[in-house]
Amino acid sequence: MISYARQTPEEQPDAAPTPVEEHIAPAPRVSVQAFCETVETAAAVQSAGEDRRLGKAHLKIQMGGMAAAVEAYRSAPTPNVIVLESDGRNDLLGGLDHLATVCDAGTRVVVIGRINDVTLYRELVRRGVSDYVLAPVGAIDVVRSICNLFSAPEAKAVGRIIAVVGAKGGVGASTISHNVAWAIARDLAMDAVVADLDLAFGTAGLDYNQDPPQGIADAVFSPDRVDTAFIDRLLSKCTDHLSLLAAPATLDRVYDFGTDAFDAVFDTLRSTMPCIVLDVPHQWTGWTKRALIGADDILIVAAPDLANLRNTKNLFDLLKAARPNDRPPLYCLNQVGVPKRPEIAAAEFAKAIESQPVVSIPFEPQIFGSAANNGQMIAEISANHKSIEMFLQIAQRLTGRSETKKQKSSLLSPLIEKLRGK
């Protein structure tokens, strides 16, 4: 009998549909072969292969179901994952037994069937089948099933990547991303890292008052050395929960990168950090497009003028088309209320984008300028400033988490604090 890798079984195979907000970790570089019996399932598998989370997987689709799979592997090695569609109960179990005689040990099998029966499901699990999905299936069902094969429940959760980009230069996207990351680390108590991708002109080091000797450039220019230990050495500690992968912000070399230049860095960060905030520069290259499409969540920062509206709309349309199984990007308006500047109202902006902004951050140059010049976050400058609550709202929407509950104060709290201080 073939030794299939086994996932923790679920008692009922026909689980409820996944909401678009569900976090599904991307699959590694694996080979997947699907043997379908219906055109509808083949189309769903084909669509799943175009999803960003299966971007590294090599997917091949054939018709013919179980019989075609058995015939194919008589003289060929099996892939990492086999997806089988089957209509019949008896043929399914017999076919799996036959497949086991020609299949390599360690291959994982996902079965797509039309019989909603717990007894059958238990029998499939007993035979070592990794997952059973009830037909008809959609693309997200296939994506979830394949990706979950490589996300063991006992393993450390794969990190969520959040990309923040400005709709136009100078709209404050970096400032927003740094303060949102601060809120994620401080208020949501999540370990987070900020990756400053603007290698020539990045400001994360200045905003966090950090000047590390090494940073993200060392990883990008030495991809063969990138691993967990190497990335850990490059990180600069900002707080107990927040780290920085700083940009060199020097012009001693030209930063021309290939499309997949940052892949190794992102993959390593995913394996070590629950939350990664990418400060994406306002430029349109192969690697910036790849970083945005590959992120789990996206925040677009825009100012309330016509150029920002056009660019935000273009980004929305492209990212929604490239990520059909993800929720749409989020956006916020920044620098709202500049004196004597004609602006597009938030309602008109939302009507054009067909989506409401998460928040509208007012133009307050005094406090934002002081924070930038002092190398501090807004929360450090003014603990009760209204923008702090807005950064927290953005952090909650991007991570799907609520604010951590603070301990209730009591009459003895001041005394306890004094004793702790002593």
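Counting Lys +1, Arg +1, Asp -1, Glu -1, what net charge surrounds VAL165 among other residues with beta carbon under 11 Å of its beta carbon?
Here the charged neighbours net out to 0.
Give the residue list of trypsin sites (Lys or Arg not before Pro) in the stretch 202-273 that are DSSP loop and have at most 11 other beta-carbon atoms within 10 angstrom.
Passing both the DSSP loop test and the Cβ count: ARG253.
Just to confirm my numbers, what's the Cα centroid distance between the stretch 127-199 and the stretch 341-361 in Å?
Centre-to-centre (Cα) distance: 26 Å.
Grab the alpha carbons of the stretch 87-146, take their convex hull, and tell me the volume per residue in Å³.
84
So, in Å, what gap is there between the alpha-carbon centers of the stretch 200-268 and the stretch 73-120?
Centre-to-centre (Cα) distance: 45 Å.
Give the whole-number value, in cubic angstrom per residue, of the convex hull volume spanned by the C-alpha atoms of the stretch 160-399.
121
Plugging the Kirkwood radius over Cα pairs into Stokes-Einstein for the chain, at a temperature of 25 °C and a viscosity of 0.890 mPa s, what D comes out in µm²/s?
103
Can you tell me, using C-alpha contacts under 8 Å and at least 6 residues apart, the relative contact order of the chain as a whole percent?
So the answer I get is 16 percent.
Given springs between every Cα pair under 10 Å in a Gaussian network model of the chain, which of ALA27, ALA192, ALA347 has the largest fluctuation?
ALA347
First measure r as the distance between the Cβ atoms of ASN373 and ASP191, then evaluate 1/(1 + (r/R0)^6) with R0 = 30 Å and state the FRET efficiency to the nearest 0.05.
E between ASN373 and ASP191, to the nearest 0.05, is 0.60.
Given Cα pairs under 8 Å that are at least 6 residues apart, what percent is the relative contact order of the stretch 31-148?
Value for the stretch 31-148: 30 percent.
When the chain is fully extended, how far beyond the present Cα-Cα distance does SER271 get from ARG225, taking 0.36 nm per residue of separation?
15.0 nm is the gain from fully extending SER271 to ARG225.
Give me, ordered by chain and number, the residues 5 or more places off CYS238 or on other chains with an amide H under 5 Å from its own placed amide H.
SER243, LEU244
Stretched out fully, how many nm does the piece from THR101 to GLN62 gain, at 0.36 nm a residue minus the Cα gap?
Taking 0.36 nm per residue and subtracting the Cα distance, the gain is 12.0 nm.
I want to verify a result. In a Gaussian network model of the chain, Cα cutoff 10 Å, which of these has the top mean-square fluctuation: ASN325, ASN334, ASN373?
It is ASN373.
Taking H placed 1.01 Å from N in the peptide plane, check which residues at least 5 places from ASN334 or on another chain put their amide H under 5 Å from its amide H.
ALA302, ALA303, ILE361
Tell me, what is the FRET efficiency for ASP252 and VAL39 to the nearest 0.05, using R0 = 45 angstrom and their Cβ-Cβ distance as r?
For ASP252 and VAL39, the calculated efficiency is 0.20.
Please work out how much length the chain gains when fully extended from SER355 to GLU71, using 0.36 nm per residue of separation minus the C-alpha to C-alpha distance, in nm with one decimal.
97.2 nm
Bear in mind these aren't lab numbers, they're just calculated from the coordinates by the rules spelled out. These numbers were taken from a predicted model, which means no experiment stands behind them. With ideal geometry, Cβ positions are generated from the backbone for all residues, glycine too; neighbour counts draw on all protein chains shown.
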